[in-house]
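Asks: If you scroll down you'll find the structure; I have some questions about it.
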Amino acid sequence: MSKGKIVRPLSEPEYLALGEFRYQLRRFLRNMEEAARLLGANPQQYQLILAIKGLPRDMEPTITNLAERMQLNHNSMVELADRCEEHKLLRRTRSATDRRQVSLSITPEGEALLRRLGVAARQELSDTGPILVQAILGLTGDGRIRESKTETRPQTGGTRKSAQ
């Protein structure tokens, strides 16, 4: 929120839009979790390989960057990467220039899982996507969808979800 800017409370239609947005988003996520389980994958493992595949081109797939993208603390991200590596969904590679730096990459097994779940996500979004967009437009009021601003999270402290 901006300093000094007067913020009006939400109107009844905006609360309805916010409620619908939350419902449709949660419904999409739950359906994708179920799809991952049906394919024998843990939903967070799918989320990690999707986060790697969906990283901006200028961002390295490091534990730190992926922890930020998934909103997990560093230790939880390490544990999740360990589990994905055990299931042969990803591999770690140490940087040649900085041995402390580790990059994660998706294995062929991870790519196969990602392809199957990507199709499921696209199908699910064909149903929920238009409803999500309408809810967002109902909240922004001006019909524009704003770009997200990536914020650097604190290196210590704070509360983040831990990986399951």
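A short reminder: the numbers here are calculations on the coordinates, not readings from a lab. Predicted, not measured: the structure shown is a model, and the values here were computed from it. FYI the Cβ positions are ideal-geometry reconstructions off the backbone, even for glycines, and counts take in every protein chain you see.
Asks: Of all residues in the stretch 33-54, count the ones that are surrounded by fewer than 18 Cβ atoms within 10 Å (Cβ to Cβ) and assigned to a helix (DSSP H, G or I).
Replies: 6
Asks: Can I ask one more? With respect to R8, is the statement that it is out of contact with any Lys or Arg (no Cβ under 7 Å at 6 or more places or on another chain) and assigned to a helix (DSSP H, G or I) true?
Replies: no
Asks: Working carefully through the options R30, R57, find the one that is of a type in the set (K, R), assigned to a helix (DSSP H, G or I) and surrounded by fewer than 16 Cβ atoms within 10 Å (Cβ to Cβ).
Replies: Just a single option satisfies the conditions, and that option is R30.
Asks: For residues that are surrounded by fewer than 16 Cβ atoms within 10 Å (Cβ to Cβ) and touching a helix residue (DSSP H, G or I) at 6+ places or on another chain (Cβ under 7 Å), tally how many sit in the stretch 15-27. Quick ask: steps written out before the conclusion?
Replies: In the first step, residues of the stretch 15-27 are kept if they are surrounded by fewer than 16 Cβ atoms within 10 Å (Cβ to Cβ); the result is 15-16, 18-19, 22-23, 25-27.
In the following step, the residues that additionally are touching a helix residue (DSSP H, G or I) at 6+ places or on another chain (Cβ under 7 Å) were identified as 18, 25, 27.
Within the stretch 15-27, residues that are surrounded by fewer than 16 Cβ atoms within 10 Å (Cβ to Cβ) and touching a helix residue (DSSP H, G or I) at 6+ places or on another chain (Cβ under 7 Å) number 3.
Asks: Follow-up question, since we're still on this one. Considering the stretch 74-128 alone, what residues qualify as being closer than 21 Å to I63 by Cα, β-branched (V, I, T) and assigned to a helix (DSSP H, G or I)?
Replies: V78
Asks: A further question follows. State which residue pairs qualify: first residue among the acidic types (D, E) and inside the stretch 97-122, second residue assigned to a helix (DSSP H, G or I) in any location, beta carbons under 9 Å apart, and separation of 6 or more residues or different chains.
Replies: Hits for this filter: E111/I49; E111/K53.
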